[in-house]
1. Around Thr197, which amide H atoms from residues at least 5 apart in sequence, or from another chain, sit under 5 Å from its own amide H, with H modelled in the peptide plane?
2. Could you derive backbone 3J(HN,Hα) for segment 34-41 from the dihedral phi with the Karplus parameters 6.51, -1.76 and 1.60 (θ = phi - 60°), listing whole Hz in sequence and x where the residue is Gly or Pro?
3. Karplus couplings for segment 185-197 from phi (6.51 cos²θ - 1.76 cosθ + 1.60, θ = phi - 60°), rounded to Hz, Gly and Pro as x?
4. Quick one: if you stick a label point 7 Å off each Cα along the C-beta vector at Val38 and Val127, how many nm between them?
5. Name the residue, out of Tyr79, Tyr107, Tyr178, whose mean-square fluctuation peaks in a Gaussian network model built on the chain with Cα pairs under 10 Å.
6. Would you mind getting the accessible area per residue of the chain, heavy atoms of the protein chains only, 1.4 Å probe, in Å²?
7. Expressed as a whole percentage, what fraction of the accessible surface of the chain belongs to carbon and sulfur atoms when a 1.4 Å probe is rolled over the protein heavy atoms?
8. Want the number for Val104 to Asp185: 0.36 nm per residue separation, take away the alpha-carbon distance, what's left?
Amino acid sequence: MNVSGEVFVDNISDFDNTTDNCDDDCKSKIWGFWIEGVAVPCIALFGIFGNLACVFVFNHKSVDLKPSFSNILKCLSIYDMALLMGVLILYGFPNISMTYKMSVAPYTTPIILPLTQVALTGSVYSVVVVATERYFNICKPFHKNLGTVCEGFGYVSLVVIFSFIYNITKFMEFETVYEREDPGDTNSTLIAKMKVTSLRRDPVYHTAYVFCNTIV
């Protein structure tokens, strides 16, 4: 379980006394806040700015890199930034703000989660592409390959297309639903919640996805 930053900050002056009297669930909430609400956002922001700096460096004309290699590295940096932003939105913001967790997350998570998976896949295969490009450039410099197509954008396009196709079903695993605050009262306030779809609960789909994930 997580604890929001707003609730935690209200009681931070009593932190020492609170931890002494906490049960396991309470301590889990506190550690969840410090790890997901403080450490994760700090590391994610550091990584985002670091990758942004890399994009500017790779894009600078004074850097002596082949255009194809430079473009692939920029693609890797962009995927890493997207992944870190996804982690920040999925895990950091809900722990910092209860308002975000209750009012915004149910709408954004069904979209941000699959996009983060796309970024993760793109990041992994961008590393594979970097190794492939280096192999052809060093071991077979006169052989034509995807690295020579549009200054490396042949590889980049392949990674982008594959990342979306491979994770297309992720966009169908979660949905936003509305439930009554009091199920027995038809006049009670509607609350937005994130819910798994029937596809996500399908054991055949789950087995197939795990199998494909293990192979690919």
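The values are calculated or read from the model by the stated rules, or taken from the named source; none is laboratory data. Nothing here was measured: the structure is a model prediction, and the numbers come from that model. Cβ sites come from the backbone with ideal geometry, for glycine too, and all protein chains shown count toward neighbours. Note: accessible area is taken over every heavy atom of the protein model, side chains too, but ligands, DNA and RNA are not part of it. Shrake-Rupley method; radii C 1.70, N 1.55, O 1.52, S 1.80 Å.
1. Phe174, Glu175
2. Per residue, the Karplus-derived 3J(HN,Hα) values read 5, 7, 8, x, 10, 5, 4, x Hz.
3. So the Karplus estimates, Gly and Pro as x, are 10, 5, 9, 6, 5, 7, 10, 7, 9, 8, 9, 6, 8 Hz.
4. 3.0
5. In the Gaussian network model the winner is Tyr178.
6. 62
7. Working: 9040 of 13480 Å².
Carbon plus sulfur share of accessible area: 67 percent.
8. The span from Val104 to Asp185 would gain 26.7 nm if fully extended.
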